[in-house]
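Data block below; observations after.
The values are calculated or read from the model by the stated rules, or taken from the named source; none is laboratory data. As the structure is a computational prediction, the values presented were derived from the model and not from experiment. Heads up, the Cβs are rebuilt from the backbone with ideal geometry, glycines too, and the neighbour counts pull from every protein chain shown. What goes into the accessible areas is simple: the full protein's heavy atoms, side chains included, and nothing from ligands, DNA or RNA. Shrake-Rupley method; radii C 1.70, N 1.55, O 1.52, S 1.80 Å.
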Amino acid sequence: MSAHTDAVAHVVEHLDLAQTRAVAIRPDEQWPELDLADAYAAQAALLDRRRGRGERGVGLKLGFTSEAKMRQMGVDELIVGRLTHTMEIPAGGSCSLDGLIHPRVEPEVAFRFEDGLDLADPALDDPDALVAAVSHVAAALEIIDSRYDGFRFDLPRVVADNTSAARFAVGPWHEPGAIDLSDLPVRLVVGGETAATGSTSAILGHPLNTLPRLRDLGRRLGLEVPPGAVLLAGAATEAVPLVPGTVAVEIGGLEPVAVEIEGGHHG
Ligand code: OOG
Ligand code: MG
């Protein structure tokens with residue numbers, strides 16, 4: 001095995017155990033040769049393992065689409081991760097802290113592609129065609145949970161870790177129609193208190209600007225966007241530690257989304 005194949009195999013093994021046992025691993029000094037291509041290969045292999053355990057892919061998520069997130073985490077490149085059905089919390093439902101290491105929550109705009117997207121289709125070179133393919137939009141919340149100690153990682157490590165994906169909840173879907181997403185106020189409520197505020201303009205200037213970036217990354221990585229797929233466009237604000245109680249995301253003009261967080265057995 002080459003050093004790279006070896007690094008991918010090791011990172012997959014360690015991250016899979018860290019996620020399933022909810023025990024963080026140390027990011028430093030491990031797999032120094034892991035590059036971004038290795039990292040996406042590791043992410044795909046981790047998802048294959050999860051599929052082998054009965055999880056179904058339900059969509060994709062983008063990361064580091066806002067300055068706030070890039071600054072908080074010390075990285076500067078947009079990344080993509082995979083969502084599965086076991087990560088989804090129904091809106092109004094509940095989520096236990098059990099099974100999570102050091103979760104944080106962040107506000108997201110979600111897009112839905114009722115008919116899916118064939119990313120290889122040259123018609124999608126036109127950004128307007130991408131926008132037209134969005135069937136629904138909603139306010140969403142994402143619970144991220146790095147499998148690395150202290151949420152410390154570099155770009156390859158967070159990509160391998162499926163971009164810290166852990167849980168997500170999507171509010172009522174709206175038809176995009178007349179909704180202008182360019183500059184809607186965003187509020188994240190954690191434990192009944194306002195934990196972060198911002199604007200949808202923080203997401204690449206306009207949440208729809210994420211679509212060409214998804215297309216380009218998706219083409220490079222061979223990602224699929226099947227009918228009904230969800231896309232989380234990336235947080236507009238910093239992520240905030242998750243505590244028991246109500247968490248909610250309000251985005252002006254969209255129905256809010258809320259879930260109830262229950263304390264885990266180890267606090
Ligand atoms: C990586 C996940 C980034 C976003 O919305 O920017 C992300 C992390 O911050 O641990 O989901
Ligand atoms: Mg996110």
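Once the dipole of the stretch 158-267 is set up with Lys and Arg at +1 and Asp and Glu at -1 on Cβ about the Cα centre, which of LEU221, THR246, ILE203 lies farthest towards its positive end?
LEU221
Quick check: convex hull of the Cα atoms in the chain, volume per residue, rounded to a whole Å³?
Each residue corresponds to 117 Å³ of Cα convex hull volume.
Mind telling me which of VAL186, VAL11, VAL75 comes out most flexible in a GNM of the chain, alpha-carbon contacts under 10 Å?
The residue that fluctuates most here is VAL75.
In whole Å, largest first, what are the principal axis extents of the Cα atoms in the stretch 140-267?
Answer, in whole Å and largest first: 42, 36, 26 Å.
Enter the mean projected area of the convex hull around the alpha-carbon atoms of the stretch 70-188, in nm², rounded to one decimal.
If you wrap the Cα atoms of the stretch 70-188 in a convex hull and average its projections, you get 9.1 nm².
Normalised by the number of residues in the stretch 102-225, what is the relative contact order in percent for Cα pairs under 8 Å and 6+ residues apart?
Taking the mean separation of contacting Cα pairs over the length of the stretch 102-225, I get 28 percent.
Rounded to the nearest 5, what % of DSSP beta bridges with both residues in the chain are antiparallel?
Restricted to the chain, the bridges split so that about 85 percent are antiparallel.
So which residue, out of THR194, THR163, THR84, gets the largest mean-square fluctuation from a GNM of the chain using Cα contacts under 10 Å as springs?
Between THR194, THR163, THR84, it is THR194 that shows the largest mean-square fluctuation.
Quick one: ranking MET70, MET87 by accessible area, 1.4 Å probe, largest first, what do you get?
Heavy-atom accessible area, descending, gives MET70, MET87.
Provide the per residue accessible area, probe 1.4 Å, for the chain, rounded to a whole number of square angstrom.
Accessible area per residue: 42 Å².
Between the stretch 87-121 and the stretch 204-261, how far is it from one alpha carbon centroid to the other, in angstrom?
The stretch 87-121 and the stretch 204-261 have Cα centres separated by 7 Å.
Calculate the dipole size of the stretch 60-180 relative to its Cα centre from +1 charges on Lys and Arg beta carbons and -1 charges on Asp and Glu beta carbons; express the result in debye to the nearest 20.
The dipole of the stretch 60-180 has a size of about 680 debye.
How much of the accessible area of the stretch 169-267, in percent, comes from carbon and sulfur atoms when a 1.4 Å probe is used?
C and S atoms contribute 51 percent here.
Mean Kyte-Doolittle of at least -0.5 and a Cα length of 20 Å or more along the axis: which whole DSSP H helices of the chain meet both?
Correct list, ordered by number: 3-21, 36-52.
Helix-derived [θ] at 222 nm for the chain: sum -39500 (n - 2.57) over DSSP H runs of at least 4, divide by residue count, nearest 500?
Mean residue ellipticity, 222 nm, calculated: -7500 deg cm²/dmol.
With charges only on Cβ, +1 for K and R and -1 for D and E, what is the dipole size of the chain about its Cα centre, in debye, rounded to 20?
Charge dipole of the chain: 500 debye, to the nearest 20.
How fast does the stretch 1-149 diffuse by Stokes-Einstein, in µm²/s, taking the Kirkwood radius from C-alpha pairs at 4 °C and 1.567 mPa s?
So the translational diffusion coefficient is about 74 µm²/s.
Let's see if you can work this out: charge +1 on each Lys and Arg Cβ, -1 on each Asp and Glu Cβ, no other charges. What is the dipole magnitude of the stretch 1-76 about its Cα centre, in debye to the nearest 20?
Roughly 580 debye, rounded to the nearest 20.
Over the stretch 52-113, with every protein chain in place, what whole percent of the accessible area is carbon and sulfur at 1.4 Å, could you tell me?
Carbon plus sulfur share of accessible area: 46 percent.
Toward the positive end of the charge dipole of the chain, about the Cα centre and with charges on Cβ (Lys, Arg +1; Asp, Glu -1), which of GLY263, ALA129, VAL75 goes farthest?
GLY263
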